[in-house]
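The values are calculated or read from the model by the stated rules, or taken from the named source; none is laboratory data. Owing to the predicted nature of the structure, the values given are computational and were not obtained by experimental measurement. Reconstructed Cβ throughout: ideal geometry from the backbone, glycine too, with neighbour counts over all protein chains shown.
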Amino acid sequence: MILTCRSLDPQYVMRNETQVKSLEIDEVTWQAIITASLRKLYGIFGEASHFDLVQVFNNDPRLQAIIRIHYADESKFINSLMAYTFKLNRFTGGDIEASSHVKVIEILPD
């Protein structure tokens, strides 16, 4: 199963376009965000859930990523990603203090 995820709200991107243009979320940061969301809702068992980052889109202003998960973990990933909010600078170390969340925008079967 493949999830397409987005980390920044498009409205925030429109209001702060100059700050967002220089922002990049690499594979390691995406892994940290996803693992933190799983740990927050499901503890150590959630943190141990396996996923693969298929592709990261830094050129897209919405900062999207595609992750591959096992079909049995679908609800675990969706629940944890949708419930987790965070300050973006916690993971990127930059100046953007946007309250962020990961939104699942598409689910594709393998």
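Yes or no: segment 57-66 includes at least one residue that is modelled with pLDDT of 90 or more, closer than 23 Å to P109 by Cα and surrounded by fewer than 15 Cβ atoms within 10 Å (Cβ to Cβ). Break it down into steps so the answer makes sense when it comes.
If we filter segment 57-66 for residues that are modelled with pLDDT of 90 or more, which is where we start, we get none.
Checking segment 57-66: not a single residue is modelled with pLDDT of 90 or more, closer than 23 Å to P109 by Cα and surrounded by fewer than 15 Cβ atoms within 10 Å (Cβ to Cβ).
Quick one: A48 ticks every box in (1) surrounded by fewer than 15 Cβ atoms within 10 Å (Cβ to Cβ); (2) touching a strand residue (DSSP E or B) at 6+ places or on another chain (Cβ under 6 Å) except a single one, so which number is it?
(2)
Condition first: over 15 Å from T29 (Cβ atoms) and surrounded by 14 or more Cβ atoms within 10 Å (Cβ to Cβ). Now tell me which residues in segment 71-100 satisfy that.
Step one: list which residues in segment 71-100 are over 15 Å from T29 (Cβ atoms), which gives 71-80, 82-83, 85, 95, 97, 99.
Once the filter is applied, which keeps residues that are over 15 Å from T29 (Cβ atoms) and surrounded by 14 or more Cβ atoms within 10 Å (Cβ to Cβ), segment 71-100 yields D73, E74, K76, F77, I78, N79, S80, M82.
Go through F45, F91, F77, F51 for me and flag whichever is over 26 Å from P109 (Cβ atoms), modelled with pLDDT of 80 or more and not basic (K, R).
On the way: F45 fails: over 26 Å from P109 (Cβ atoms); F77 fails: over 26 Å from P109 (Cβ atoms); F51 fails: over 26 Å from P109 (Cβ atoms).
Criteria check complete, one pass: F91.
Specify the residue that is nearest to H101 (Cα to Cα); the eligible residues are those in segment 20-31 that are of a type outside the set (D, E) and either surrounded by 15 or more Cβ atoms within 10 Å (Cβ to Cβ) or in contact with a Leu (Cβ under 9 Å, 6 or more places away or on another chain) (or both). Lay out the reasoning, then the answer.
Taking segment 20-31 first, the residues of a type outside the set (D, E) are 20-23, 25, 28-31.
With either surrounded by 15 or more Cβ atoms within 10 Å (Cβ to Cβ) or in contact with a Leu (Cβ under 9 Å, 6 or more places away or on another chain) (or both) added as a condition, the list becomes 20, 23, 25, 29-31.
On the way: V20: 15, L23: 16, I25: 13, T29: 14, W30: 12, Q31: 14 Å.
Checking each candidate, the answer is W30.
Write out, first by first residue and then by second, each pair whose Cβ atoms fall under 6 Å of each other, whose residues are 6+ apart or on separate chains, and whose first residue, in segment 77-93, is without any contact (Cβ under 8 Å) to a residue 40 or more places away in the chain while the second is buried (at least 16 other Cβ atoms within 10 Å of the Cβ) and assigned to a strand (DSSP E or B).
Cβ pairs passing all conditions: T85/H101.
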